[in-house]
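Asks: Here's a structure for you.
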Amino acid sequence: MKKIYILSLLLTLSLVSCRDPFEIQSIDFQNSLVVEATLTNEFKQHTLKLSRTYELNQEVGAFEDGAAVSVEDSEGNIFLFNPIGQGVYESELEFQAIPNVNYTLNITTTEGERFQSSTKSLTPISEITDLYGELITNASGEEGIQLFIDSDNQNSEALYFRYEYEETYQVIPPFYSELKVELTNYVEEIVYNPRPDIQVTYDIELIPRSQEEQVCYSSDQQKGIILTTTNSLSNNGVERLPIRFISKEDRILRDRYSILVKQYVQSIESYSYYKTLDDLGNTESILSQSQPGFVFGNISSLENPDQKVVGYFDVSSVSQKRIFFNYLDFNLPQPDYLFSCEIIELDYNDNSTADLDKNDRIEIYRLLTLFEEQNQSYEIYELPQLFPSGIWQVVRPECGDCTSVASNIRPDFWED
């Protein structure tokens, strides 16, 4: 039976000292299906993701598009999932997992391979009672905000928990200008001064911004696995579970920050699967395509029992909570902006290289029109009072236009 044990390979490499460069190669590679699928008791269109394992010398794996995917329950209902791109499948209809009903995931790939999960049923319901932050100094001596979760499960049979979070924060560039500059009718002329020199002219127009470009929003998904169990606790409650530590100097705290935490109640089998992944040191993704050692889930091939499938089909009750805050709520100094910014000063009157320096007027045009179609041009911060002559102040796009690095669409959940 072919096996991939990346962990064993790494241990072997650590015991051998080589002076010559070593080229890593995959041994007995198997092109295995990777499944990320969790149904919940939320009434919505559920999604799942299919991809493929990849070899060590590859950077990313391939998405598994075009498969036939469905979930069947013990009541005879079949919920079809359609591909929406990049290996993601979405259910045709909104539905929710309900108690005392068994669910089975079925997958048929474009190659005709058929896979099926074991049956799973909805876990007991447990609600997050509190999500809060406290200013602390962690074990490494770093001061910052520690986010905690409380969950009271005294009246629930819930014992095993997995947590996910998504953080969203504002991006407000420090050198924003209400107006944009539009440069048109660019003309170059060769003059002799006394040697050949290029001088330019162009029309300049100040125009109001046509969209929101001062306040944007960026989101990041959690990396790694957060698990806990109350199996050995007498009160069956989750108290002060650390979810996320944010250094006081972290730039995501500069303006307004929000975090949404989801609590999934798991079965003992599901908890054991994720716990094994966590123990193997999987910190990049809860279902990495290049796992450091194979972990058996609950999905198998219907034709070939020896064919390995990465992933786990889970049916979990979920609870979620969101909070908002920024550095002022914890009496912290304002962190730096997300990006380093400097003001570039250029003299519009400098339209020559006769001084053995660059032509500033050409440089103004180049920076303000560079990558314009990709929304990555430099931004004007301030114009001289005697427009257009004098010193122009120009900044990188991320320092004057938030849409160059984030979305200007305000999330529905956002609260100022």
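The values are calculated or read from the model by the stated rules, or taken from the named source; none is laboratory data. All figures in this text were calculated on a predicted structure; none of them were measured in a lab. In this analysis, Cβ positions are derived from the backbone assuming ideal geometry, glycine residues included, and neighbour counts consider all displayed protein chains. Areas reflect the complete protein model, heavy atoms only, side chains present, ligands, DNA and RNA absent. Shrake-Rupley method; radii C 1.70, N 1.55, O 1.52, S 1.80 Å.
Asks: Write out, first by first residue and then by second, each pair whose Cβ atoms fall under 6 Å of each other, whose residues are 6+ apart or on separate chains, and whose first residue, in the stretch 367-388, is on the phi > 0 side of the Ramachandran plot while the second is modelled with pLDDT of 85 or more.
Replies: Sorted first by the residue in the stretch 367-388, then by its partner, the pairs are PHE371/SER377; ASN375/SER404.
Here's the yes/no breakdown for (1) touching a residue at least 60 places away in the same chain (Cβ under 8 Å); (2) of a type outside the set (Gly, Ala, Ser); (3) open to solvent by 50 Å² or more (accessible area, probe 1.4 Å):
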residue: ILE190; (1), (2), (3): no, yes, yes
residue: ILE198; (1), (2), (3): yes, yes, yes
residue: GLN214; (1), (2), (3): yes, yes, yes
residue: THR228; (1), (2), (3): yes, yes, no
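Asks: Go over the candidates SER140, SER117, SER91, SER121 one by one and state the one that is buried (at least 19 other Cβ atoms within 10 Å of the Cβ) and closer than 29 Å to LEU260 by Cα. Outline the logic, then answer.
Replies: Values: SER140 fails: buried (at least 19 other Cβ atoms within 10 Å of the Cβ); SER117 fails: closer than 29 Å to LEU260 by Cα; SER121 fails: buried (at least 19 other Cβ atoms within 10 Å of the Cβ).
SER91 is the lone residue from the list that is buried (at least 19 other Cβ atoms within 10 Å of the Cβ) and closer than 29 Å to LEU260 by Cα.
Asks: Could you name every one of the strands (runs of 3 or more DSSP E) located completely within the stretch 299-367 that has at least 3 residues being over 30 Å from GLU415 (Cα atoms)? Break it down into steps so the answer makes sense when it comes.
Replies: On the way: elements: 299-301, 309-316, 318-325, 344-347.
Of the strands (runs of 3 or more DSSP E) lying wholly inside the stretch 299-367, those with at least 3 residues that are over 30 Å from GLU415 (Cα atoms) span 299-301, 309-316, 344-347.
Asks: Output the number of residues of the stretch 258-301 satisfying the condition of being in contact with a strand residue (DSSP E or B) (Cβ under 7 Å, 6 or more places away or on another chain), at pLDDT below 70 and open to solvent by 20 Å² or more (accessible area, probe 1.4 Å).
Replies: Here the count works out to 1.
Asks: Just checking, how many residues over the stretch 68-88 are part of a strand (DSSP E or B) and either in contact (Cβ under 8 Å) with a residue 60 or more places away in the chain or open to solvent by 70 Å² or more (accessible area, probe 1.4 Å) (or both)? Can you show your working first?
Replies: Residues of the stretch 68-88 part of a strand (DSSP E or B): 68-73, 78-85, 88.
Now drop any that are not either in contact (Cβ under 8 Å) with a residue 60 or more places away in the chain or open to solvent by 70 Å² or more (accessible area, probe 1.4 Å) (or both), which leaves 72, 78, 80, 84.
Number of matching residues: 4.
Asks: Please work out which one of (1) part of a strand (DSSP E or B); (2) open to solvent by 30 Å² or more (accessible area, probe 1.4 Å) is the condition LEU233 fails and give its number.
Replies: Every listed condition holds for LEU233 apart from (1).
Asks: On to the next question. Would you check which residues across the stretch 200-212 are in a loop (DSSP other than H, G, I, E, B), open to solvent by 80 Å² or more (accessible area, probe 1.4 Å) and in contact (Cβ under 8 Å) with a residue 24 or more places away in the chain and list them? Working first, answer last.
Replies: Going through the stretch 200-212, the residues in a loop (DSSP other than H, G, I, E, B) turn out to be 209-212.
Of the ones still in play, those that are also open to solvent by 80 Å² or more (accessible area, probe 1.4 Å) are 210-212.
Correct list: GLN211, GLU212.
Asks: If ARG162 satisfies all but one of (1) at pLDDT below 95; (2) under 25 Å from the mean Cα position of the chain (by Cα); (3) of a type in the set (Lys, Arg), what's the number of the condition it fails?
Replies: Only one criterion in (1) at pLDDT below 95; (2) under 25 Å from the mean Cα position of the chain (by Cα); (3) of a type in the set (Lys, Arg) is unmet by ARG162, namely (1).
Asks: Take the conditions free of Cβ contacts under 8 Å to residues at least 60 places away in the same chain and either closer than 29 Å to GLU72 by Cβ or surrounded by 15 or more Cβ atoms within 10 Å (Cβ to Cβ) (or both) and apply them to GLU164. Does it pass? Walk me through how you get there before you give the answer.
Replies: Numbers: free of Cβ contacts under 8 Å to residues at least 60 places away in the same chain: no; either closer than 29 Å to GLU72 by Cβ or surrounded by 15 or more Cβ atoms within 10 Å (Cβ to Cβ) (or both): yes.
It is false that GLU164 is free of Cβ contacts under 8 Å to residues at least 60 places away in the same chain and either closer than 29 Å to GLU72 by Cβ or surrounded by 15 or more Cβ atoms within 10 Å (Cβ to Cβ) (or both).
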